[in-house]
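Novice: This is the structure, below, for whatever I ask next.
Every read-out reported here was derived from the displayed coordinates using simple, explicitly stated rules and does not represent laboratory data. Remember, predicted model here, so these are calculated numbers, not experimental data. Cβ: placed from backbone, ideal geometry, glycine included. Neighbour counts: every protein chain shown.
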Amino acid sequence: MSLIAPIRQLWFDLLTATQFLTRLRVPSGPYEQDSLARAVRFFPVVGLLIGSGSLLVYWVLAPHLPSTVVALLIVVYLVAITGCLHEDGLADSVDGFGGGWEREKVLAIMRDSRIGTYGASALALSLLARVLLIASLPQNERASYLLVAPVLSRWTTLPLSFFLAPARERNEGEMDGQGARIARLTTRGTLIVASLFTLVIVFALLRVRALAPVLVSAGVTLATGLYYNHRIGGVTGDCFGATNQLAEVAVFLCGVWA
């Protein structure tokens, strides 16, 4: 009986992570206030699930369509399966940091549901970059990068949520946004275990070429984390999404560069 409870909890945390990061219909576990904070440990696992879908799209379409068209449809799949979650975070973050100088102004712009010129430009560039980079990946490594990029990009949430405080106080409004539900609530054990899982997946798929994507993802996480902390004193849910998008583009760029 003592073994069943932890397994059951892990299963519910995996469902929560899947429900949060994707539009897949999965059973809902019992609601708890720290459900999302615990579920962060499974973000790289869900990234692998998302990447597996990209790989399936590639395998089905690659024999019949030009590589650029296949890449476009893979990005369409990525946007659809995540419900534009990370794209929304990127657009809101760029609007906020580009349009505001004071901390309060940046946070206010991020919460505005309207998209501005900065955000629209960043979103367009992100989509275009992923299409072009996926189409340009070496054919013998394209499948590996389609799996690795979503895993590493989802991993970025773990160090950000471990080291950074929420930019908004936890008593500032209803649920205070997703950032306050994760920031500074990720445990050291969660960070270590999820990071080890990520490294195993990346090195198993890319072997000697794994080092560059790992270092680039860590670099993007460090650079954006320092920037968020400098500008707004912490991190928000939109910041998590922005770093995710930047890391994914960076990983694909590593594949093309190599």
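Novice: Return the distance in nm (one decimal) between the two label points of a simple spin-label model at R184 and D34, each offset 7 Å from Cα along Cα→Cβ.
Specialist: In this crude spin-label approximation the distance works out to 1.5 nm.
Novice: Most mobile of T190, T221, T156 per a Gaussian network model of the chain (Cα springs, under 10 Å)?
Specialist: T190
Novice: Could you line up E141, E32, E248 from fewest to most neighbouring Cβ atoms inside 10 Å? Walk me through the numbers before you get to the answer.
Specialist: Numbers: E141 16, E32 13, E248 27.
Sorted ascending by nearby Cβ count, the order is E32, E141, E248.
Novice: By the scheme Lys and Arg +1, Asp and Glu -1, what is the net charge of all other residues having a beta-carbon under 15 Å from that of A242?
Specialist: On the way: positive: R111, R130, R154, R231; negative: E87, D88, D92, D95, D238, E248.
Counting the neighbours of A242, the net charge comes to -2.
Novice: Tell me the net charge near T190. Cut-off is 9 Å between Cβ atoms, T190 excluded, with +1 for each Lys or Arg and -1 for each Asp or Glu.
Specialist: Values: positive: R38, R41, R188; negative: none.
For residues surrounding T190, the net value is +3.
Novice: Where in the chain are the DSSP H helices whose alpha-carbon span along the long axis reaches 15 Å or more and whose Kyte-Doolittle mean is at least 0.5?
Specialist: On the way: long enough: 4-21 (26 Å, 0.81); 43-61 (27 Å, 1.92); 67-82 (23 Å, 2.59); 85-99 (21 Å, -0.21); 117-136 (28 Å, 1.56); 142-155 (20 Å, 0.64); 188-206 (27 Å, 2.25); 211-232 (31 Å, 0.88); 237-257 (30 Å, 0.92).
The answer, listed by residue number, is 4-21, 43-61, 67-82, 117-136, 142-155, 188-206, 211-232, 237-257.
Novice: Just rank V251, V200, fewest to most, by other beta-carbon atoms within 10 angstrom.
Specialist: Numbers: V251 25, V200 11.
Listing V251, V200 from fewest to most nearby Cβ atoms yields V200, V251.
Novice: When the Cα centres of the stretch 67-107 and the stretch 20-36 are compared, how far apart do they sit, in Å?
Specialist: Going from one Cα centre to the other spans 22 Å.
Novice: Test of understanding: in a Gaussian network model of the chain with alpha carbons linked when under 10 Å, which of R181, R114, R168 would top the mean-square fluctuation ranking?
Specialist: So, out of R181, R114, R168, the one fluctuating most is R114.
Novice: Which distance in nm do the two modelled labels at H230 and S136 give, with both placed 7 Å along the Cα-to-Cβ direction?
Specialist: Roughly 2.8 nm, to one decimal.
Novice: If amide H atoms are built 1.01 Å from N in the plane of the peptide, which residues on other chains or at least 5 residues away come under 5 Å of the amide H of G234?
Specialist: Distant-sequence amide H within range of G234: N229.
Novice: A follow-up question, please. Using the count of nearby Cβ atoms within 10 Å as a rough guide to exposure, how do W155, W101 rank from fewest to most? Intermediate values should be presented prior to the final figure.
Specialist: Working: W155 28, W101 8.
Ascending number of Cβ neighbours within 10 Å: W101, W155.
Novice: Remind me, relative contact order of the stretch 176-247 in percent, using alpha carbon pairs under 8 angstrom and six or more residues apart?
Specialist: Working: 32 pairs, mean separation 32.7, N = 72.
This gives 45 percent for the stretch 176-247.
Novice: I would also like to ask the following. Most fluctuating residue of L137, L152, L196 in a GNM of the chain with Cα springs under 10 Å: which is it?
Specialist: Looking only at L137, L152, L196, the biggest GNM fluctuation is shown by L196.
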